[in-house]
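Participant: There's a structure below that I have some questions on.
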Amino acid sequence: MDKYLWDKKYGCYLDYQWHSSIDEHSGKQKSLLTAASFWPMYLHWGKGSSENSVHQMLNLLLFNGVVMPVAKNETQEMPYRCQWNAPNVWAPLQILVWGSARSISPRKDFWKISAISNSWIQLVLKQWQTDGSFKEKYTAINNESDFELFHQWRANGTLLNHFVGDFMVEEGYGTPSMMGWTAAVTYFFLQLL
């Protein structure tokens, strides 16, 4: 794991592209920081990350207080547009990063870690007040200035209103309105209040 996945720059584990016919990174470690880098921390595997690396990762993955799947300064490096790209945000990533960061960097990043749960609750409740449903995923974009910022981050500049990648945030895959992981993570965070 250390040989293939450890990245000195970020002080965490990154993805490794074993084989892909569409990706030039085949057989190499990827340079893209994603929220998945928190999994080894969450499970207490491998070298472990320092408070400084967790701090750096939070700075790159948080936007409007919620965790994006991909570091915000690297969204343009995605080889394809997909729903797991920024600015989509997902419930499982909120709890993963919250739990991992809380166990490694509780003092240094207390306010950022607290903001994850509070921001997630606000995001979900805003949607709930709109139509009484929980969604599979949400967008971190709250206003026009956020939209402009994401427009600058995306190399192709095709981010349109609520469309991210090829999937509309409001509908996803036609999942039920009480999406299980969204309800569970929101309930967990509400219990912390």
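The values are calculated or read from the model by the stated rules, or taken from the named source; none is laboratory data. For clarity, every value in this text was computed on a predicted model and none was experimentally measured. Glycine also receives a Cβ, built like all others from the backbone with ideal geometry; neighbour counts cover every protein chain displayed. Surface areas here come from the heavy atoms of the whole protein model, side chains and all, with no ligands, DNA or RNA. Shrake-Rupley method; radii C 1.70, N 1.55, O 1.52, S 1.80 Å.
Participant: To the nearest 0.05, what FRET efficiency results for LEU60 and TRP18 with a Förster distance of 22 Å applied to their C-beta separation?
Facilitator: 0.35
Participant: Do the alpha carbons of any pairs in LYS8/LYS112; LYS9/LYS126; LYS112/LYS137; LYS47/LYS137; LYS112/LYS135; LYS8/LYS108 sit beyond 28 Å of each other, and which pairs?
Facilitator: Values: LYS8/LYS112 23 Å; LYS9/LYS126 37 Å; LYS112/LYS137 21 Å; LYS47/LYS137 31 Å; LYS112/LYS135 24 Å; LYS8/LYS108 21 Å.
Beyond 28 Å between Cα atoms: LYS9/LYS126; LYS47/LYS137.
Participant: Moving to a separate point now. Could you work out how far apart the two model spin labels at LYS47 and MET1 are, taking each label as a point 7 Å from the Cα in the direction of the beta carbon, and quote it in nm?
Facilitator: Using points 7 Å along Cα→Cβ, the separation is 1.3 nm.
Participant: So how do PHE63, PHE188 rank on accessible area, 1.4 Å probe, biggest first, that is with the largest at the start? Display every interim value, and only then the final one.
Facilitator: Working: PHE63 15, PHE188 85 Å².
If we order PHE63, PHE188 from most to least accessible, we get PHE188, PHE63.
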